[in-house]
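Working notes, structure below.
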Amino acid sequence: TAAAEGSAPAAAAASVVAASPRPPSGVLIRSTESFKVLTECPLIVMLLFQLYPRYIQTTIPALIPLMVQALALRTPQRALLKHRTAATDFMAAQVKTLSFLTYLLRAFADFMRSYQESIPKCVIQLLLTCPPEAAAIRKDILVATRHILATDFRVGFFSQVDVLLDENVLVGAGPTSLRTSHEALRPLACSTLADLVHHV
């Protein structure tokens, strides 16, 4: 399906980020190698499902494992240093995939039950590796986390409470120049943590 094909670039994303040199200025990369294009795929798939709902039941069972695998991919540390922009774009694609999973969570919880522990671990890893300057990505992670906490899948976060109590994990750490963006995230971060603690 188009949805499964859209996940193909993510399967090799970590190695691509690490190995691919930065393209020369003014040179365009192919769309199949672009994490910015990949970022738009979950929204496109969501739109296709709304237009063609008859394909949902047959496609979702195959799509969910691919999305969870994409969430579990890790960008090598050296890629974060040498190819920071590409690594950040890849993480943005992962977060959009996470948002799509939360959209599916209520209607297809039975298909996702086996990932009840792994999805929260992926969320924590995204928070830990999110660059401090990527406030918009961190906000999307927190919003997706709140959606998960509104479902039975919240139990996967119970073992991560100590990690989430670290302010640097929730709002990010970084130089003073980023303090304003971090402070803007604080209300959302605190309400997310309060939702979790309420259910523990």
**Per-residue SASA entry for LYS121, accessible area with 1.4 Å probe, Å² rounded to 10** = 120 Å²
**Message:** Using each residue's phi in region 93-110, evaluate 6.51 cos²θ - 1.76 cosθ + 1.60 at θ = phi - 60° and report the 3J(HN,Hα) Karplus result to the nearest Hz, with x for Gly and Pro.
**Reply:** 5, 4, 5, 5, 5, 4, 4, 5, 4, 5, 5, 7, 4, 6, 7, 10, 4, 5
**Fill in**
Counting Lys and Arg as +1 and Asp and Glu as -1 over every other residue whose Cβ sits under 11 Å from the Cβ of ARG154, the net charge comes to -1
**Asked** Taking the Cα centre of region 48-200 as the origin and placing charges on Cβ (Lys, Arg +1; Asp, Glu -1), which of MET91, VAL200, VAL143 is farthest toward the positive end of the dipole?
**Response** MET91
**Fill in**
Using the Cα gyration tensor of region 60-158, the equivalent ellipsoid's semi-axes, largest first and to the nearest Å, work out to 24, 14, 11
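For region 51-136, which whole-number percentage of the solvent-accessible area (1.4 Å probe, protein heavy atoms only) is attributable to carbon and sulfur atoms? Before the final figure, lay out each step's value.
On the way: 2440 of 4160 Å².
Result for region 51-136: 59 percent of the exposed heavy-atom area is carbon or sulfur.
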**Prompt:** Which whole-Hz couplings ³J(HN,Hα) result when phi for each residue of region 53-65 is put into the Karplus expression 6.51 cos²θ - 1.76 cosθ + 1.60, θ = phi - 60°, listed in order with x for Gly and Pro?
**Reply:** x, 5, 8, 5, 4, 8, 8, 4, x, 7, 7, 4, x
**Asked** Quick one: which of 43-53, 73-83, 142-152 comes out on top by average Cβ neighbours within 10 Å, and what's the full order, highest first?
**Response** 142-152, 73-83, 43-53
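The values are calculated or read from the model by the stated rules, or taken from the named source; none is laboratory data. The model shown is predicted, which means the values in this text are computed figures rather than measured ones. Cβ coordinates were reconstructed from backbone atoms using ideal geometry, including for glycine residues, and neighbour counts include every protein chain displayed. What goes into the accessible areas is simple: the full protein's heavy atoms, side chains included, and nothing from ligands, DNA or RNA. Shrake-Rupley method; radii C 1.70, N 1.55, O 1.52, S 1.80 Å.
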